[in-house]
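J.: Would you mind keeping the following structure in view while I ask a few things?
The values are calculated or read from the model by the stated rules, or taken from the named source; none is laboratory data. Predicted model only: the values in this text are computed from it and were never measured. Cβ atoms come from the backbone with ideal geometry, glycine included; neighbour counts cover every protein chain shown.
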Amino acid sequence: QMLYNDILSAKNQNRKLLAILLDPDKIDWENLELLIGKICSSPATHVFIGGSRVFTDRIDELIVEIKDRCALPILLFPGNPSQISHEADGILFLSLLSGRNPDFLIGHHVKAAPTLKNSKLEIIPTGYILIDSGSETAVAKVSGTNPLSDENEIVSTAIAGQMLGKKLIYLEAGSGAKNAVHTQIITSVSENLDIPLIVGGGIKTNAGIRNAYDAGADLVVIGTAFENDLNFFGND
Ligand code: 1GP
């Protein structure tokens, strides 16, 4: 429970957290050392690894390389059970609560359970809520579910997730989304939750990160913006 307790105590101390999301398929292996150096010197507190679909079989290798050079905790953010790596520290055990696709609510979890039971990964039950972001996203496509846009439904879904025992709620606009999750939505959800709130998808600037924090996000996820510009957090 170490990873989760750290996230929870950060929330309680109002210490904001930042995750860099790496899609294993988009890694420039030739320049891996540079990438890891940039992650280490960034303000990131966590590294997330995963994607809706991942084709490479080099996830273990990627995690070992990062761990060799960087002390940040590594959490899996898997789109399906094939992305489980025992080299990571933990896993966001995501249940797609915004959708009604049984595979993403419970099916994949049943498939992964025996493997996870025998692993040292810290398992963090996470209610995953896809929010409408003005464009079709990979999560919506792969899961065959529609994102939510009604504020009351989003808040009710987050509350239900907490009541079901989820330890985190993740508001997801989708990787590379046109629009990030609206600050009004973040505020309404955070005001109704006791557990930490993760927000990600379509955040393109450092001001966007601050806006999400100010609205009530406890942990912000940055994928595409850092992928496109390794100096996103500043030159060093
Ligand atoms: C996607 O929330 C993450 O699952 C990050 O999205 O790639 O748009 O930063 P971006």
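J.: Is it the case that D28 is among the charged types (D, E, K, R), within 24 Å of N235 (Cβ to Cβ) and without any contact (Cβ under 8 Å) to a residue 60 or more places away in the chain?
T.: yes
J.: Additional query: Taking the conditions exactly as written (in contact with a helix residue (DSSP H, G or I) (Cβ under 6 Å, 6 or more places away or on another chain) and within 16 Å of the ligand (Cβ to nearest atom)), does I129 satisfy them or not?
T.: Answer is yes for this residue.
J.: Also, quick follow-up: Being within 14 Å of the ligand (Cβ to nearest atom) and among the acidic types (D, E) is the filter here; which residues of region 198-217 pass it?
T.: If the condition is that a residue be within 14 Å of the ligand (Cβ to nearest atom) and among the acidic types (D, E), then no residue fits.
J.: Testing K178 on (1) basic (K, R); (2) under 24 Å from L75 (Cβ atoms); (3) within 12 Å of the ligand (Cβ to nearest atom), one condition comes back false. Which one is that?
T.: (2)
J.: Could you name every one of the helices (runs of 4 or more DSSP H) located completely within region 124-236 that has at least 1 residues being modelled with pLDDT under 95?
T.: 138-143
J.: Kindly indicate which of T183, T187 is farther than 28 Å from M2 by Cα, surrounded by fewer than 19 Cβ atoms within 10 Å (Cβ to Cβ), of a type in the set (S, T, Y) and more than 12 Å from the ligand (Cβ to nearest atom).
T.: Within the list T183, T187, the selection yields T183.
J.: N101 is checked against (1) crowded, with 20+ Cβ neighbours inside 10 Å; (2) in contact with a helix residue (DSSP H, G or I) (Cβ under 8 Å, 6 or more places away or on another chain); (3) without any contact (Cβ under 8 Å) to a residue 60 or more places away in the chain and fails just one. What number does that condition carry?
T.: (1)
J.: Here is a further query. Exactly one of these conditions fails for I129: (1) farther than 27 Å from L62 by Cα; (2) exposed (fewer than 15 other Cβ atoms within 10 Å of the Cβ). Give me its number.
T.: Every listed condition holds for I129 apart from (2).
J.: May I ask you to list pairs of residues, at least six apart or on different chains, whose Cβ atoms are under 6 Å apart, with the first in region 48-63 being surrounded by fewer than 16 Cβ atoms within 10 Å (Cβ to Cβ) and the second being polar (S, T, N, Q)?
T.: Listed pairs, sorted by first residue: D60/S85.
J.: List every residue pair whose Cβ atoms sit under 7 Å apart, with the two residues 6 or more apart in sequence or on different chains, where the first one lies in region 154-174 and is over 22 Å from Q1 (Cβ atoms) and the second, anywhere, is within 16 Å of the ligand (Cβ to nearest atom) and of a type in the set (F, W, Y).
T.: E172/Y128
J.: So C70 passes all but one of these: (1) free of Cβ contacts under 8 Å to residues at least 40 places away in the same chain; (2) of a type outside the set (S, T, N, Q); (3) within 15 Å of the ligand (Cβ to nearest atom). Which condition number does it fail?
T.: Result: C70 fails condition (3) only.
J.: If you don't mind, another one. Condition first: out of contact with any Pro (no Cβ under 8 Å at 6 or more places or on another chain), farther than 25 Å from L197 by Cβ and among the basic types (K, R). Now tell me which residues in region 72-131 satisfy that.
T.: Hits for region 72-131 are K117, K120.
J.: Also, I was wondering about something else. Residues being farther than 26 Å from R210 by Cβ and modelled with pLDDT of 95 or more: count how many of those fall in region 31-53.
T.: 4
J.: May I ask you to list the residues in region 135-168 that are touching a Gly at 6+ places or on another chain (Cβ under 6 Å) and within 21 Å of A217 (Cβ to Cβ)?
T.: T137, V139, G161, K166
J.: Hey, does region 138-149 have a residue that's β-branched (V, I, T), away from the ligand (no atom under 14 Å from the Cβ) and surrounded by fewer than 17 Cβ atoms within 10 Å (Cβ to Cβ)?
T.: For region 138-149, residues β-branched (V, I, T), away from the ligand (no atom under 14 Å from the Cβ) and surrounded by fewer than 17 Cβ atoms within 10 Å (Cβ to Cβ): absent.
J.: Next question. Condition test on L116, is it surrounded by 20 or more Cβ atoms within 10 Å (Cβ to Cβ) and outside any loop (DSSP other than H, G, I, E, B)?
T.: no
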